[in-house]
1. Rounded to whole Å, give me the distance from the Cα center of the range 13-54 to that of the range 140-193.
2. Take residue 77 and residue 246, extend 7 Å from each Cα along the Cα→Cβ direction, and tell me the distance between the two endpoints in nm.
3. Just to confirm the filter: which trypsin sites (Lys or Arg not before Pro) across the range 56-153 are DSSP coil and have at most 10 other Cβ within 10 angstrom of their Cβ?
4. Which shape class applies to the range 31-171: rounded if a/c is under 1.5, otherwise prolate when a/b exceeds b/c and oblate if not, where a ≥ b ≥ c are the square roots of the Cα gyration tensor eigenvalues?
5. What whole-number value in Å² describes the accessible area per residue of the range 33-131 for a 1.4 Å probe?
6. With a 1.4 Å probe and every protein chain kept in, tell me what percent of the accessible surface of the range 1-147 is carbon plus sulfur.
7. If the cut-off is a Cα-Cα distance under 17 Å, which lysines reach residue 82, setting aside same-chain residues fewer than 8 apart in sequence?
8. Of 89, 108, 19, which has the most accessible area and how do the rest follow, probe 1.4 Å?
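The values are calculated or read from the model by the stated rules, or taken from the named source; none is laboratory data. Remember, it's a predicted structure, so these values are computed and weren't measured experimentally. Every residue, glycine as well, gets a Cβ built from its backbone with ideal geometry; the counts of neighbours run over all protein chains shown. Remember, those area values only see protein heavy atoms, side chains included, never the ligands or the DNA or RNA. Shrake-Rupley method; radii C 1.70, N 1.55, O 1.52, S 1.80 Å.
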Amino acid sequence: MSSDDFIVDPLRDFEVHGHAKALRRFLGWENSERVDPLDLESVNEIWTVRGKKRFRFEVVSDAELPDDSGLTTYDGTCIVVKIPRRIRHKAFMGDGYARYTIAHEFGHAVLHVDQLLKGATLPRRRVGNVTPAWIPKFKSAEHQAMVFGAAFLINDATARGLSSADEVSVQAGVSLTAARIYFERVQEELARPAVAARVQKIADEVREILSSNPVSPQTSYLSEVCSCCGQQKLFPVGHKFMCQACDTVYDRFQDGDEVQ
């Protein structure tokens, strides 16, 4: 029996992205500008998070999958990705949604082997899959497959030179939804150096303050421990907190969360 979504082993988006690129390398498509997912029809073995697995890409009648755009299962001998004929035709014509649907189902085949071997069937609903509120994104089979699909179809080097999700969609031949998922991740990566520089500037400013006003032996520390070094050496510095043991500076400190 199929469901709209499953809870699966946790994976962060960058990990899913890495697995998608691993499959591209396995297939010899690492540097391909525009992947044709229909080339997977001739593939009988794929790389997965559980090693190499036998595989079959199957085009079925529209009547067999009237409510789904794709379906991933395990038939006892190999992982099977099924798509209805209507989706294959659209993918052949270059339709972004259809191309992304096939890559999405391959995400299930690569990432969710354990669930498939236990009998799970992982569909892509025509009307969109519904994920229960209690499943967090990093444990959602559907979210992981969505991230995978975009990363599998899009060439990193090319996409990083584009200025919008619309441009990514056109260049890679993917749906705008897929392009947005990918583009947002790229923007986050590009912003990280700026964030790191800002945090470093804060740390330098705090150290300068402390050098002129050393912490006295009687300093009262917070009851929480530093999430970096594990020592109970946290004390307030203005509206921030600092660990006397390792010099880590936090914008705020709560429940051991590190500054991001």
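1. Using only Cα atoms to place each centre, the spacing works out to 16 Å.
2. 5.3 nm
3. On the way: sites: 56, 82, 85, 86, 88, 90, 99, 118, 124, 125, 126, 137, 139; in loops: 118, 126.
Hits after loop and neighbour filter: 118.
4. rounded
5. For the range 33-131, the solvent-accessible area averages 45 Å² per residue.
6. Within the range 1-147, the accessible surface is 51 percent carbon and sulfur.
7. 53, 90
8. Largest accessible area first, the residues go 89, 19, 108.
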